[in-house]
1. Rounded to the nearest 0.05, what FRET efficiency do residue 160 and residue 73 give with R0 = 41 Å and r taken as the Cβ-Cβ distance? Could you check?
2. Shape of the stretch 18-59 from its Cα gyration tensor (a ≥ b ≥ c, root eigenvalues): rounded if a/c is under 1.5, otherwise prolate when a/b > b/c, or oblate?
3. When the Cα centres of the stretch 68-105 and the stretch 129-164 are compared, how far apart do they sit, in Å?
4. Can you show me the helix-derived [θ] at 222 nm for the chain, built from DSSP H runs with n ≥ 4 at -39,500 (n - 2.57) apiece and divided by the number of residues, rounded to the nearest 500.
5. Which whole-number value in Å² is the accessible area per residue of the chain, probe 1.4 Å?
6. For the stretch 85-148, rounded, prolate or oblate, judged on the Cα gyration tensor with a ≥ b ≥ c (square roots of eigenvalues), a/c < 1.5 rounded, else prolate if a/b > b/c?
7. If you put +1 on each Lys and Arg Cβ and -1 on each Asp and Glu Cβ, how big is the dipole of the chain around its Cα centre, in Debye rounded to 20?
8. Put a dot 7 Å past each Cα toward the Cβ at residue 131 and residue 147; how far apart are the dots in nm?
Amino acid sequence: MADASVIGTQSPIEAVVFDVGGVLIDWNPRYLYRKLFRDDRAMEHFLTEVCSPDWNEQADAGRPTAEITAELCRRHPDMQPLIESYYTRFSEMMKGSIDGTVELVDRLHTQGLPLYVLSNFSAETFPLARQRFGFFDRFAGMVISGVEGMKKPDRRIYDLLIERFALPPARTLFVDDRPDNTEAARAAGWQALHFTSAAQLAADFRVLGLLGADSRPGGT
């Protein structure tokens, strides 16, 4: 269910801002590394202790992928080919779009609601996603962490998007699959929804008055 602190108690929505990974794109490093490991436990150890989320977030914050890859290879020389594959085969981590969410993007775009992207993404790998997925053309503007050198949940990146596109925070809705990022958006004065599924997001949008009652992902 939608957060009661958001639904029905805030200003009308004038713009919607979407996260990318886990909301618009089904991204997971396991899509690649299941091809490279025969043992799931070994793969999980690698993705937790070697090419960990914290390590990848350095690229999201703007560090060059070659630099963080070289550092990690020096610490784990026996795993160099596996480490290097993280960014050289990054496209294989993107299984595809999350179609139900993209349908909602299309619907809001058709209705004329301004749409934006705020994503933690490396400046080097985001162009791979931008080129592959046509739905990015629906967005009026994008703020990518690796380009800006700051990332969610840093308050500054929320303020940057608001200032750059002259949006009213209280009338801006943010959709993200990480609760810490949606909480940071609320702290910055935005409205926010924690994304769990396209179906739930459609239900939340209807409650907010953004969609007609019969507008469901995959529906008519």
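The values are calculated or read from the model by the stated rules, or taken from the named source; none is laboratory data. A quick note: this is a predicted structure, and the numbers were derived from the prediction, not measured. Neighbour counts are summed over all protein chains in view; Cβ atoms, including those assigned to glycine, are modelled from backbone coordinates with ideal geometry. These accessible areas exclude ligands, DNA and RNA; they are computed on the full protein's heavy atoms, side chains included. Shrake-Rupley method; radii C 1.70, N 1.55, O 1.52, S 1.80 Å.
1. Working: r = 33 Å, r/R0 = 0.80.
Once the sixth-power term is evaluated, E becomes 0.80.
2. On the way: a/c = 3.12, a/b = 1.50, b/c = 2.07.
The shape class here is oblate.
3. 19
4. On the way: 11 runs with 91 residues, N = 220.
Computed mean residue ellipticity for the chain: -11500 deg cm²/dmol.
5. Value for the chain: 47 Å² per residue.
6. Oblate shape, in that a/c is at least 1.5 and b/c is the bigger or equal ratio.
7. 240
8. 1.6
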